[in-house]
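This report refers to the structure that appears directly beneath it.
The values are calculated or read from the model by the stated rules, or taken from the named source; none is laboratory data. Everything numeric here is computed off the predicted structure, so don't read it as measured data. Reconstructed Cβ throughout: ideal geometry from the backbone, glycine too, with neighbour counts over all protein chains shown.
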Amino acid sequence: MKIQRENIKPDEESSFKILLTPNLNELFYWHFHAEYEIVYVEGPGGIRHIGDHISKYEGSDLAFIGPNIPHLNFDYGVKTRVEIVVVQMKEHFLGQAFFALPEIAAINDLFERSKYGLAFYGDTKMKAGEKLKQLSSLSHFDQLISLLQIFEILAKTDEAVNLKSRPLANASVLKEQQRLHKIYHFIEMHYHEEINVHDVAALSHLTTAAFCRYFKKSTHLTFTDFVNQYRINQAKKLLLHDKNVTEACYSCGFENLSYFNKTFKKLTGENPSTFKKKHILS
């Protein structure tokens, strides 16, 4: 998939940014940014896709992602409500002198390890997750103090997994990552054309039935739903760039305008004409 660079500004009167439940579950947002990012999510489960690492999480997840590591939004494809807290900060966001203090050595090491992507589990995930959920209700000063406490929890724990340098003794993990990347790339290259599930199954060296089971298990979506979501996201971009509804429909691989309108409304809650008018005028 094409990777989008995200530009991030700190919150007003703060040295970092807090996002609460961005509601991107219908958007395949494969992106990167120069900032460090802590993500905590509570929900039924979903896909953790950070760099070359792809795995599932159940119930909740806590990750610390270093700068410029491409990653997918954690709620992508999740149909039920999830609670997400995202904290984003620049390198040395409190100043280089602060990070040079000997008391901050363990946190410095945490930031360095985050450049490989880190996931946390057990009591660490629970303790840090609770503090992250409370951040937005605090004053800016108390937010900073609490964030430093969260860093300390993460820096001192053994309950962490390095995502990018996970041992590949389990060759099936690497094979699954490569297979999904190949499928994503195929959709990116051909979403504007007719996509035959039999061809994608053959590309994955699976029977069609096995491929459909594998894809649903890996992404929590049927292959058709995944392709439709990708196409609708592309259609949104076209509608916001002076394309009319008919042009957006056929440019994104839909062969029927009625089906396009129906799918668009199902995934976004509004028809494409309403979407275009609302966002062009806003």
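What do you reckon, is LYS115 at pLDDT 95 or above, among the charged types (D, E, K, R) and within 25 Å of SER60 (Cα to Cα)? Considered against the rule, which asks whether it is at pLDDT 95 or above, among the charged types (D, E, K, R) and within 25 Å of SER60 (Cα to Cα), LYS115 comes out as no.
Looking at region 91-167, the helices (runs of 4 or more DSSP H) lying wholly inside it that each contain 1 or more residues that are crowded, with 17+ Cβ neighbours inside 10 Å and in the same structural domain as GLU58 (by TED's automatic domain parsing) sit at 105-113, 122-134, 140-156.
Consider region 253-282 and keep the residues that are assigned to a loop (DSSP other than H, G, I, E, B) and at pLDDT 95 or above. The one that is farthest from ILE187 (Cα to Cα) is PHE254. Counting only helices (runs of 4 or more DSSP H) that fall entirely inside region 175-247 and contain at least 1 residues that are in contact with a Gly (Cβ under 7 Å, 6 or more places away or on another chain) and farther than 17 Å from ASN261 by Cβ, the qualifying elements are 208-219.
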